[in-house]
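Note sheet for the following structure.
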Amino acid sequence: MIKSKLVLIFLFTVIIFQFQATSWAEYDPVSATEGWSVIESKYCTIFCHPKVDINKVNSRIQIRFYDINGGRFSAKNKSAEEQLAEKFDRLLLRVEKILDMYPRKLHLKAMIYKNQAQIDEVYIRIFNYSDGEERISFYVHKFTTVFTAEQVIREGVLAHEMGHAVVDHYFVVLPPEKIKELLSQYVELHLED
C-alpha cells in the first residue's frame, strides 16, 4: 500500500516536471525572428524587432566610460549598426572588469523589442505564467539572451542584465538568485567608476 502510494507520487511528480519542461522547451525566442535585423559583434548577437528604430536604440545607449582595451569610443564613420555592436561589446567588457569575472566562451544574445507590451508577452511565453510585474528587461540563462525594448533600453539596464549573464557563465554551479541580483546591481552602480 505504501509502496504503491510512493510510486504514484513519484509518477505524479515526474509528469508535473515533464509538463513544465515541455512548456519551457517549446518556445525558442530566437527562432521567431524572421524579418528582424541582426547585428553581429565580437561578443554579442543583437536581434532588433522590425519596428525598432536602430538609430533611436543607438542614441539611448551612452558610452561614458572610455579606454576599454586601450581605445576610446568614436562614432565617426560608423553606421548605427556598427556603433551599436561596439557599444554592446564595450559594455560586456566593462561588466566583466567591474565583476573581475571573465567567463570563457560567452557569446550573448540580445533581443530588442519595440515596447513594454512585447516584453511582457515574451516573458509569459518563455515562463508560461505572469506574476503581474512589469520587467523593463530580463535575462534568461537557458538562451543566454537579454530581452529588452527600444523605449527602455539604456546602458545601465543592459549592464545589469549582462551582469546576470557574466555571473551565470562564470560559476560552475549557478549562485542563488539574490546573489546574482546583488552582483548585477553592483555592476549598474559602478558602471561609470
Original post:
Within the bounds of the stretch 113-123, is there any residue that is buried (at least 19 other Cβ atoms within 10 Å of the Cβ), touching a strand residue (DSSP E or B) at 6+ places or on another chain (Cβ under 7 Å) and part of a strand (DSSP E or B)?
Top reply: yes
Subject >> residue 147 vs. criteria closer than 21 Å to residue 174 by Cβ and surrounded by 15 or more Cβ atoms within 10 Å (Cβ to Cβ) >> reply: yes
Original post:
Does residue 142 satisfy the condition of being of a type in the set (Lys, Arg), without any contact (Cβ under 8 Å) to a residue 12 or more places away in the chain, assigned to a helix (DSSP H, G or I) and surrounded by fewer than 18 Cβ atoms within 10 Å (Cβ to Cβ)?
Top reply: no
Original post:
Taking residue 97, is it closer than 20 Å to residue 169 by Cβ and either modelled with pLDDT under 90 or not in a loop (DSSP other than H, G, I, E, B) (or both)?
Top reply: yes
**OP:** Any chance you could count how many residues in the stretch 145-166 are charged (D, E, K, R) and assigned to a helix (DSSP H, G or I)?
**Re:** 2
Original post:
Between residues in the stretch 36-61 that are within 21 Å of residue 107 (Cβ to Cβ) and residues that are among the charged types (D, E, K, R) and in a helix (DSSP H, G or I), which pairs lie under 6 Å by C-beta distance while being six or more apart or on different chains?
Top reply: 39/81; 41/89; 42/89; 43/89; 61/87; 61/155
**OP:** Looking only at the stretch 102-109, decide whether some residue is at positive phi, assigned to a loop (DSSP other than H, G, I, E, B) and either crowded, with 17+ Cβ neighbours inside 10 Å or basic (Lys, Arg) (or both).
**Re:** yes
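The values are calculated or read from the model by the stated rules, or taken from the named source; none is laboratory data. Here the structure is a predicted model, which is why all the values come from computation and not from measurement. In this analysis, Cβ positions are derived from the backbone assuming ideal geometry, glycine residues included, and neighbour counts consider all displayed protein chains.
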